[in-house]
Amino acid sequence: MFLFTFLFIPCLLVCYFLWQKNYDKIMVVVLGVLTAVFVCTIKALFFFSHRIVPFAFMPNFIHHLLLECLLPSLLFVGLFFLVTKDEMSEKLKSIFPLLAAFYLVYMPYNVIISSSSSVYSMYSLFVKPLIFGAMIMQIGYSCNILANNLQNKLMIVLNSLIILGYLVCPAVLDSMYDIQILVPVRIIVTCIYVLIPVFFTIKTVLKNK
């Protein structure tokens, strides 16, 4: 039942190493996994995980945005930037393996604790991993562009906005699912959200062949 949930993001990470052959990022992956295990352990020991889902968009949005998207990503990446001595371009190029390693533990953990029973929805098991995988792919892609255009203010602003949008959108989609509103819109937005980074990834792979 959890096979796709647990294996999708690790598969993305494996594809990254097979394509980039950038094995010096292995330690970045180890750091991401260990940090996620630490965060999940703290949450399990000291925080009550099950919550009553309110039938209102904004409380759900704030919950998903802060606890699943913004805080984990920004705090973890910010800390990584502070403690590592690499050049800025190398730090930016480490974002994809760093976030993928973190979310391959943190995302399934959130899926498991989100249900108060043993019944899990198709959205949680299949759609949510796709959404978070797309988020990681697009953020990694945009960070690579930033790494190669650190003097280009337009590219910095444009890709920073794209990164922000990709951090916020999963919380919007999760909140829409929680209260089952605008289902056709949610499906269309999800498809577009997932397909954009897939398109850019395929384009990059074909270009570098």
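Key figures for this structure:
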| read-out | value |
| --- | --- |
| Among residues of segment 148-181, those that are closer than 22 Å to R51 by Cβ, free of Cβ contacts under 8 Å to residues at least 60 places away in the same chain and under 20 Å from the mean Cα position of the chain (by Cα), counted | 3 |
| Residues located in segment 160-196, provided they are surrounded by fewer than 19 Cβ atoms within 10 Å (Cβ to Cβ) and either acidic (D, E) or on the phi > 0 side of the Ramachandran plot (or both) | Q180, L182 |
| Which listed residue, of V14, V33, V29, is part of a helix (DSSP H, G or I), under 20 Å from the mean Cα position of the chain (by Cα) and within 20 Å of I113 (Cβ to Cβ) | V33 |
| Residue match in segment 42-63 (condition: surrounded by 15 or more Cβ atoms within 10 Å (Cβ to Cβ), closer than 21 Å to S94 by Cβ and either basic (K, R) or out of contact with any Cys (no Cβ under 9 Å at 6 or more places or on another chain) (or both)) | no |
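Every number here is computed from the coordinates shown, using simple stated rules; none is lab data. Since the structure is predicted, the reported quantities are computational estimates derived from the model, not experimental observations. Counting neighbours? That spans all protein chains shown, and the Cβs are built from the backbone with ideal geometry, glycine included.
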